[in-house]
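Student: Would you mind keeping the following structure in view while I ask a few things?
The values are calculated or read from the model by the stated rules, or taken from the named source; none is laboratory data. On a predicted model such as this, the values are computed, not experimentally measured, just so you know. Glycine also receives a Cβ, built like all others from the backbone with ideal geometry; neighbour counts cover every protein chain displayed. Heavy atoms of the whole protein, side chains included, go into the accessibility calculation; ligands, DNA and RNA do not. Shrake-Rupley method; radii C 1.70, N 1.55, O 1.52, S 1.80 Å.
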Amino acid sequence: MPRRYDPDRRQRIIDAAIRVVGDKGIAGLSHRSVAAEADVPLGSTTYHFKTLDDLMVAALRQANEDFAKVVAARGQLEDPRADLAGEIAALIGDWLAGDRTGVELEYELYLAALRRPALRPVAADCMQGFVEAVARRTDPVTARALVALVDGICLQVLLTGTPYDEEYAREMLARLIP
């Protein structure tokens, strides 16, 4: 029997993995659960992603790309006249106001890197990309501190379910900017 041409299958599998993690968490992620969600044969998931770590790396990369798009769409981080603390706080507000599942997924995969070394370089790339964007307006050490504060604020919002307080974030970020 000839193979069916399906150029979007790999992407559908990644999208399905993101949905599975969004619905069931990382503990619910398996080749079988993703195959069912993507409506593809089980062999397709293992063909495209030999291990679950490979699949998680692809999902985290996609989540990172989504965050990078939010950063790029604002564009104000580049403007030397703009209030850096205010721009970062607004950026995080935009990100948290978007698809909450995507934000939760990114942090879940990001924290999974603690136990899954294959995810660490991808998590580090995301962090470094944001640091580099912020460092264009300040020094690298301050940029790292700002990104660490943003991570802390985002985790608190996600874990406690409290609404994001943009003014609080702006004030705390401003305290770190020389």
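Student: Specify which of the listed residues (L114, L91, L109) is closer than 14 Å to A58 by Cα and either within 17 Å of the chain's Cα centre (by Cα) or of a type in the set (D, E, K, R) (or both).
Tutor: L109
Student: A further question follows. Every residue in the stretch 46-75 that is loosely packed, with under 14 Cβ neighbours inside 10 Å and closer than 30 Å to E87 by Cα, please.
Tutor: Selection gives E65, K69, A72, A73, G75.
Student: Also: Name the residues in the stretch 24-33 that are open to solvent by less than 40 Å² (accessible area, probe 1.4 Å) and under 19 Å from the mean Cα position of the chain (by Cα), would you?
Tutor: G25, I26, G28, L29
Student: Sticking with this structure for a sec: Here are the criteria: (1) over 30 Å from L29 (Cα atoms); (2) in a helix (DSSP H, G or I); (3) open to solvent by 20 Å² or more (accessible area, probe 1.4 Å). Tell me which single one P178 does not satisfy.
Tutor: All conditions pass for P178, except number (2).
Student: Then there is this: Kindly indicate whether G43 is open to solvent by 20 Å² or more (accessible area, probe 1.4 Å) and under 16 Å from the mean Cα position of the chain (by Cα).
Tutor: No: the conditions fail for G43.
Okay, residues lined up against (1) hydrophobic (A, V, I, L, M, F, W, C); (2) in a loop (DSSP other than H, G, I, E, B); (3) free of Cβ contacts under 8 Å to residues at least 40 places away in the same chain:
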site	(1), (2), (3)
E87	no, no, yes
A90	yes, no, no
A118	yes, no, no
D125	no, no, no
V131	yes, no, yes
T142	no, no, yes
V147	yes, no, yes
L158	yes, no, no
P163	no, yes, yes
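Student: Quick one: R137 ticks every box in (1) of a type outside the set (S, T, N, Q); (2) more than 21 Å from R61 (Cβ to Cβ); (3) in a helix (DSSP H, G or I); (4) open to solvent by 10 Å² or more (accessible area, probe 1.4 Å) bar one, so which box is it?
Tutor: (3)
Student: Given (1) within 22 Å of A58 (Cβ to Cβ); (2) touching a helix residue (DSSP H, G or I) at 6+ places or on another chain (Cβ under 7 Å); (3) acidic (D, E), where does D99 come up short, assuming only one miss?
Tutor: (2)
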